[in-house]
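Working notes, structure below.
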Amino acid sequence: SELRVFQEQFSTMAKARLNAEQQLKDQHIKDQQYKDSQSLLFESQNQLTRHIENTPLGYISWDINFYCREWNKSAEKMFGYSAEEAIGRHVSELILAPSVYEERKSEFTSLFYKKEGSYSTNRNITRSGNILVCEWHITPTESLNGDVTGLSSLVQDVTKRKKMEAK
């Protein structure tokens, strides 16, 4: 009888240990899957960041009120503002005359509703006051729940090309 009680206790303890070992294995697998997904996310983010930093196109992102969130080195060269100077400033303080922004505000706001993105050619102002003709490719950015949080823009200065075409 004591042997049977001992065997039942031993069996219960052995099952509990096996269960605990399985839980540890499951947790280890989950931890490894989490680490793997974090690694993939980091690699993807790093690749995108390097691409944005090194593209010859200006990359500018805007919040929903048209304040600059990101400004790459090509945008710095194109418009004459450093990223530190541009980030946090309104589009009408950087590359558009305030009157142009006010005239076209509804057109700019409509960009948030174009899920496929948009293309346009616009006249923009540099820090030194020069006028550039720029091609813009603009895509709305979304949160995880699908709310539009801003716009991502790729911009190219085509002033020289447009002058050549005009001749």
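The values are calculated or read from the model by the stated rules, or taken from the named source; none is laboratory data. What you see is a predicted model, and the numbers here were worked out from it, not measured in a lab. Note that each Cβ is placed from the backbone with ideal geometry, even for glycine, and that neighbours are counted across all protein chains shown. Side chains are part of the model used for accessible areas, which takes the heavy atoms of the whole protein and leaves out ligands, DNA and RNA. Shrake-Rupley method; radii C 1.70, N 1.55, O 1.52, S 1.80 Å.
Below, the figures for the structure above:
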quantity: Subset of region 114-154 [under 16 Å from Gly58 (Cβ atoms), in contact with a helix residue (DSSP H, G or I) (Cβ under 7 Å, 6 or more places away or on another chain) and of a type in the set (A, V, I, L, M)]; calculated: Leu132, Val133, Ile138, Leu151
quantity: Check on Tyr113, modelled with pLDDT of 90 or more, among the hydroxyl-bearing types (Ser, Thr, Tyr), more than 19 Å from Leu48 (Cα to Cα) and open to solvent by 90 Å² or more (accessible area, probe 1.4 Å); calculated: no
quantity: Any hit, region 157-164, residues being under 23 Å from the mean Cα position of the chain (by Cα), in contact (Cβ under 8 Å) with a residue 12 or more places away in the chain and closer than 17 Å to Phe66 by Cβ; calculated: no
quantity: Residues satisfying the stated conditions in region 36-69, i.e. assigned to a strand (DSSP E or B) and in contact with a helix residue (DSSP H, G or I) (Cβ under 6 Å, 6 or more places away or on another chain); calculated: Gly58, Tyr59, Ile60, Cys68
quantity: Filtered residues of region 139-158 (kept if within 23 Å of Gly80 (Cβ to Cβ) and open to solvent by 20 Å² or more (accessible area, probe 1.4 Å)); calculated: Ser152, Leu154, Gln156, Asp157
quantity: Sole exception among (1) surrounded by fewer than 16 Cβ atoms within 10 Å (Cβ to Cβ); (2) closer than 18 Å to Ser153 by Cα; (3) in contact with a helix residue (DSSP H, G or I) (Cβ under 7 Å, 6 or more places away or on another chain); (4) modelled with pLDDT under 90 for Pro98, by number; calculated: (2)
quantity: Check on Ala86, out of contact with any Pro (no Cβ under 7 Å at 6 or more places or on another chain) and crowded, with 17+ Cβ neighbours inside 10 Å; calculated: yes
quantity: Filter pass, Ser106 being under 27 Å from Pro140 (Cβ atoms), touching a Ser or Thr at 6+ places or on another chain (Cβ under 9 Å) and exposed (fewer than 10 other Cβ atoms within 10 Å of the Cβ); calculated: no
quantity: Members of region 38-77 found to be open to solvent by less than 30 Å² (accessible area, probe 1.4 Å) and in contact (Cβ under 8 Å) with a residue 24 or more places away in the chain, listed by number; calculated: Thr55, Gly58, Tyr59, Ile60, Ser61, Trp62, Phe66, Cys68, Ala75
quantity: Evaluation of Arg127 against (1) closer than 23 Å to Arg161 by Cα; (2) open to solvent by less than 50 Å² (accessible area, probe 1.4 Å) (one fails), failing number; calculated: (2)
